[in-house]
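Report on the structure given below.
The values are calculated or read from the model by the stated rules, or taken from the named source; none is laboratory data. What you see is a predicted model; the values in this text were computed from it and never measured. Cβ atoms come from the backbone with ideal geometry, glycine included; neighbour counts cover every protein chain shown. What goes into the accessible areas is simple: the full protein's heavy atoms, side chains included, and nothing from ligands, DNA or RNA. Shrake-Rupley method; radii C 1.70, N 1.55, O 1.52, S 1.80 Å.
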Amino acid sequence: KPQLVASNDRFCRFLEEYCPVVTETYYPTIWCWEGRVQTLLRPFITSRPQVQYRNELIKTADGGQISLDWFDNNDSSYYPDTSTRPTVLLLPGLTGTSKESYILHMIHQSEILGYRCVVFNNRGIAGEELLTPRTYCAANTEDLEAVIHHVHSLHPSAPFMAAGVSMGGMLLLNYLGKTGRDTPLMAAAIFSAGWNVFESVESLEKPLNWLLFNYYLTTCLQSSISRHRQMLEKLFDMDLVMKARTVREFDKQFTSVMFGYRSIDDYYEDASPCRKLKSVGIPVLCLNSVDDVFSPAHAIPVEAAKQNANVALVLTSCGGHIGFLEGIWPRKCTYMDRVFKQFVQAVFEHGNKIFSM
């Protein structure tokens, strides 16, 4: 059974009644139970539901642009009125976009429930051009704040929540830690967040993890900026950036410099959500597996979570990073998908029972 960590008895009872999956035994796929195997295989095994998006480009205060992919769900029979149709903002991982299979599955679950979704693609990675020499990072929440304000202004009467995966979850937590209760979001769901960036990069630099994940992630980061090289060369030594062989080296030469940090340590400290958890002011459900090499078990802030009545952690013993595969042939729904579906439905349909906390 997963470990449910929550200091608020009302939040616990709410989850047990309306999101019972968090108390049920999770049976990982028996032939890929190890965390790294789950992490590696999920993108290849899981199906990719068909989703038709409507793209919107919004301008930012600094002259840049952000690509949003909307799934309007105009065929929703549960919520035919677009002005009050519940809306879920989805934040993909480090180099992820609206095309990731885990995002497509979240949208599929939301479609069944009648909800609208919008995917926040970080700058420069969803096919749009960079208009300024700036991309994104886990610590800077300005773009996310602009997106949340924009979505809420379009549908001010619609119930509104967000879900973030991996770095998307870290960014969302950092935003919530900054804003407290001053947000239009009713609640949030976080999946496989890296809680302490120092511990995450150290884990990913172990030889086998570097070989399986770190080097590939670094090349993905480099690939995501290479097509914007002409714009970025105005500020960066791109030859040096493209020589990075670890995420830490990339962040040292590129990310921390872009966002004005004195050192990479300053950036990693600011980017670590564990330092902001005490300030979260709305109900948040966070799912992690303790065998996730991207977020080592000893770095999960269990004690800090117990100090905030708005926070609930769900910790599984297996599942890897955005894995959570279950069943003999896990093509479709994962444990993570079920947690997402039940929690989102619980918030939108029964949220009044926790908002008096």
Inspect all residues belonging to the stretch 6-27 and state whether any of them is more than 20 Å from the chain's Cα centre (by Cα) and closer than 30 Å to residue 210 by Cβ. yes
Within the stretch 176-207, tally of residues that are under 27 Å from residue 318 (Cβ atoms), open to solvent by 10 Å² or more (accessible area, probe 1.4 Å) and either in a loop (DSSP other than H, G, I, E, B) or among the acidic types (Asp, Glu) (or both): 5
Among the candidates 98, 157, 110, which residue alone is assigned to a loop (DSSP other than H, G, I, E, B), of a type outside the set (Val, Ile, Thr), in the same structural domain as residue 334 (by the TED database) and buried (at least 21 other Cβ atoms within 10 Å of the Cβ)? 98
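Yes or no, residue by residue, for (1) open to solvent by 30 Å² or more (accessible area, probe 1.4 Å); (2) not in a helix (DSSP H, G or I):
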| site | (1), (2) |
| --- | --- |
| 261 | yes, yes |
| 267 | no, no |
| 286 | no, yes |
| 291 | yes, yes |
| 313 | no, yes |
| 331 | yes, yes |
Which of the residues belonging to the stretch 13-39 are part of a helix (DSSP H, G or I), touching a Ser or Thr at 6+ places or on another chain (Cβ under 7 Å) and open to solvent by 20 Å² or more (accessible area, probe 1.4 Å)? 16
Provide a single number: the residues in the stretch 160-175 that are among the hydroxyl-bearing types (Ser, Thr, Tyr) and part of a helix (DSSP H, G or I). 1
Every pair of residues 6+ apart whose Cβ atoms lie under 8 Å, when the first sits in the stretch 121-135 and is not assigned by the TED database to the domain that holds residue 221 while the second is assigned to a loop (DSSP other than H, G, I, E, B) and among the aliphatic types (A, V, I, L, M): 123/130; 124/130; 133/235; 135/125
Of (1) farther than 30 Å from residue 11 by Cβ; (2) in contact with a Gly (Cβ under 9 Å, 6 or more places away or on another chain); (3) open to solvent by less than 50 Å² (accessible area, probe 1.4 Å), residue 280 satisfies all except one. Which? (1)
When you check residue 303 against the structure, is it surrounded by fewer than 20 Cβ atoms within 10 Å (Cβ to Cβ), in the same structural domain as residue 44 (by the TED database), of a type in the set (Asp, Glu) and in contact (Cβ under 8 Å) with a residue 40 or more places away in the chain, yes or no? no
So which of 42, 10, 54 is in contact with a helix residue (DSSP H, G or I) (Cβ under 9 Å, 6 or more places away or on another chain), open to solvent by 60 Å² or more (accessible area, probe 1.4 Å) and assigned by the TED database to the domain that holds residue 284? 10
